[in-house]
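Throughout, read-outs are computed from the coordinates displayed, never taken from laboratory work. Predicted model, so just to flag it, every value in this text is computed and none were measured. Heads up, the Cβs are rebuilt from the backbone with ideal geometry, glycines too, and the neighbour counts pull from every protein chain shown.
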Amino acid sequence: MNPDVLVMNNKIESRNILDRQHWAVKRKSKQIWALFVRNQMKLNKIKKAETGEKFKLTIISYRKKLLDYDNLVGGVKGLLDACIDEELIWEDSPKYLDLVVEQYTSKKYETIILRKPIK
C-alpha cells in the first residue's frame with residue numbers, strides 16, 4: 001500500500017528557536033501548520049484518521065543547514081499537534097504513532113509527510 005503524501009513549502013524551526021518564542025507566536029505557527037495539513041489533505045483526498053487508528057508517520061525536512069537531531073524532533077511538535085487537530089493522525093503517543101523524522105540539505109525549504117497505516 002502506497003503512503004499518503006503531503007508536501008508543504010514550510011520550514012520546521014529548531015527546538016532552540018521555538019523555546020524562545022512567545023506563546024502567541026507558537027500558537028500562530030501551529031495554526032499555519034494546520035492550514036497546510038488541511039489543504040494537502042483536501043487536495044490529495046486523504047481521509048481522516050479513525051478512532052484508535054495506528055500510523056507510521058515519516059516527516060522529512062529539506063533545509064539549507066542540518067540541525068542537531070534533538071532540535072529537529074523538538075521542532076516537529078507544532079506540526080504533530082496540527083496533524084492531530086486536522087485528524088491526519090489519531091494521537092501522537094507511541095501506542096498509535098510510529099514517528100520517523102529525517103532531514104536533508106536542499107536549496108529550498110520543504111516539509112514532506114508520509115503517512116502509512118499500521119495493521
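Quick notes on this structure:
- Rounded Å value of the spacing that divides the Cα centres of segment 72-119 and segment 8-55: 8
- Once both labels are positioned 7 Å from their Cα atoms along Cα-to-Cβ, the gap between E91 and L35 label points is 3.1 nm.
- Full extension of the segment from N9 to D70, taken as 0.36 nm per residue of separation minus the current Cα-Cα distance, would add 19.8 nm.
- Extension gain, K26 back to I112 (0.36 nm per residue minus Cα-Cα distance, nm): 28.9 nm
- Angle of helix 23-43 to the longest C-alpha principal axis of the chain, folded into 0 to 90 degrees and rounded to 10: 40°.
- Its Kirkwood hydrodynamic radius, worked out from the mean inverse distance over all distinct Cα pairs, puts the chain at 14.5 Å.
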